[in-house]
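Report on the structure given below.
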Amino acid sequence: METTPLFWVGFNAFVLALLLLDLLVFNRKAHVVRMREALGWSAFWILLSLSFNYLVYRWMGQQAALEFLTGYLIEKSLSVDNLFVFLLIFSYFKVPQQYQHKILFWGIIGALVLRAVFILAGAALLAKFHFLLYVLGAFLVYTGVKMATSAGGPEIDPDNNPVVKFLSRHLPITNRLHEGNFFVRQNGTLFATPLLVVLVMVETTDVVFAADSIPAILAISRDTFIVYTSNVFALLGLRALYFALEGLMRLFHYLHYGLSLILIFIGGKLLVADLAHIPMGISLGVVGLILAGSIGLSLLFPKKEQAPLPTQEP
C-alpha cells in the first residue's frame, strides 16, 4: 500500500485525536501521575505502537514492518537519556509533580512538529546526495564513541541556554507558578511564568537529542513515512514512560553504554552499506540484544552509593 497524501492526513488526524483525548478528557485537571496510572498508559501506547506495526506489515510488507520496529526501539531507547534530562530540569526548577504532565504534553507537541521538519529535510537530502550516507555513518560512529567516553551525566544550565536568554530579555517573567499557567496578566502587563521557561528548556533539549535520534532512524529506513510514524509513536508514549521510570532511570547506568554501541553499529552499517548488506532482521536482533544486555547488567550490578532522587515539591 502506498503512503498517499490521504494516508498522511489520516494518520496525523488520528494522532491529533489521541492528543486531544489525552488533554481534554483523561488529563483535564492537573494531578500527580501515580505509578499505576503511568504503567497503564505505557502499556496502552506500546500496544498501540505494536498494533500499528502489524498494520504496516499487512499494508507495506515484512521489510517495512522490521524497519518500523527497529526505528521504534531505537527512538524509545534513546529517549531514556532524554527522560533523565527532563528529571533534572524538573528538579532544578522545583516543578510540582501535578504540572509535569502538562509541560511534557506541550513539549511533545513541539517535538512532533520539529522532528517532522528534520525528517523531511534529512530524507530529501539523503535521496539527492548519496555521499551524505557516509557522512551520516561517520557522525553516528563519532556520536556513539563520544557518548561512551563522556564523563559524568548531563548538566542543566538555564543561564547559558541561548533560547532562555532570549526569552528573559524580551519577556517579563514572574517568580510564581500561578496554578500551572504559562502566561499571566498582571496590571495590564503579560508575564511569562517559570513553567514557560521549563517548557522552553524541554523543547531545546529535545532538539539536541533529535540530532542523534533522527540520523539513527534515517540510517535504518529511507522511507519517510516509516521514519516519521516510528518517531511519533515513540514520542506519544514518552510522558507515560517518564512517570513509570521516574524512580528507576538512575538504575540503568549501563544503558548509556548500550546506546553508544547501537549508534556505532548503525553508523558502521551505513559505512559498509555499498560493500556488504546487513539484513534488517539481524539489525533488529543486534539492537534488541544490546538493549536487553545493558538493562540486564544494570540490574545485576547496581551502581554503588546510589544518590537519592531529588525531592519534588508537593
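The values are calculated or read from the model by the stated rules, or taken from the named source; none is laboratory data. Since this is a predicted model, take the numbers as computed values, not measurements. Here the Cβ positions follow ideal geometry from the backbone for every residue, glycine too, while neighbour counts run over all protein chains shown. Ligands, DNA and RNA are excluded from the accessible area calculation, which covers all protein heavy atoms including side chains. Shrake-Rupley method; radii C 1.70, N 1.55, O 1.52, S 1.80 Å.
Can you pull the percent of the chain's accessible area that's carbon plus sulfur, 1.4 Å probe, other chains left in place? Here it works out to 67 percent. Along the chain, the longest continuous region that contains none of the trypsin sites (Lys or Arg not before Pro) in a DSSP loop with at most 15 other C-beta atoms within 10 Å is 95-175.
Using a simple spin-label model with pseudo-atoms 7 Å out from Cα toward Cβ, Y57 and A43 lie 2.1 nm apart.
Add +1 for every Lys or Arg and -1 for every Asp or Glu among the other residues with Cβ under 13 Å from the Cβ of E179, and state the total. Value of the local net charge: +3.
Take the chain and mark each of the GluC sites (Glu not before Pro) that is in a DSSP loop with at most 12 other Cβ atoms within 10 Å; the longest unmarked stretch, sites excluded, is 3-154. With one equal scatterer per alpha carbon and no solvent term, the Debye-computed log10 I(q)/I(0) for the range 54-114 at 0.21 1/Å reads -0.89. Among the helices of the chain, those built from whole DSSP H runs whose Cα atoms reach 27 Å or more along their own axis and whose mean Kyte-Doolittle hydropathy is at least 0.0 are 35-60, 62-92, 97-128, 194-220, 280-300.
Scanning the chain for chymotrypsin sites (Phe, Trp or Tyr not before Pro) in DSSP loops with at most 11 neighbouring Cβ atoms within 10 Å leaves 132-314 as the longest stretch between them. With the simple spin-label model, which puts each label point 7 Å out from Cα in the Cβ direction, the V113 to N181 separation comes to 2.2 nm. Once C-alpha pairs closer than 8 Å and six or more residues apart are averaged by separation and normalised to the residue number of the range 25-127, the relative contact order reads 40 percent.
Measuring r between the beta carbons of F129 and V208 and using R0 = 25 Å, the FRET efficiency lands at 0.55. Using the 1.4 Å probe convention, the accessible area of the range 175-304 works out to 42 Å² per residue with neighbouring protein chains retained. One entry in (1) 0.95; (2) 1.68; (3) 1.03 is Cα Rg over 2.2 N^0.38 Å calculated from the shown coordinates; its label is (3).
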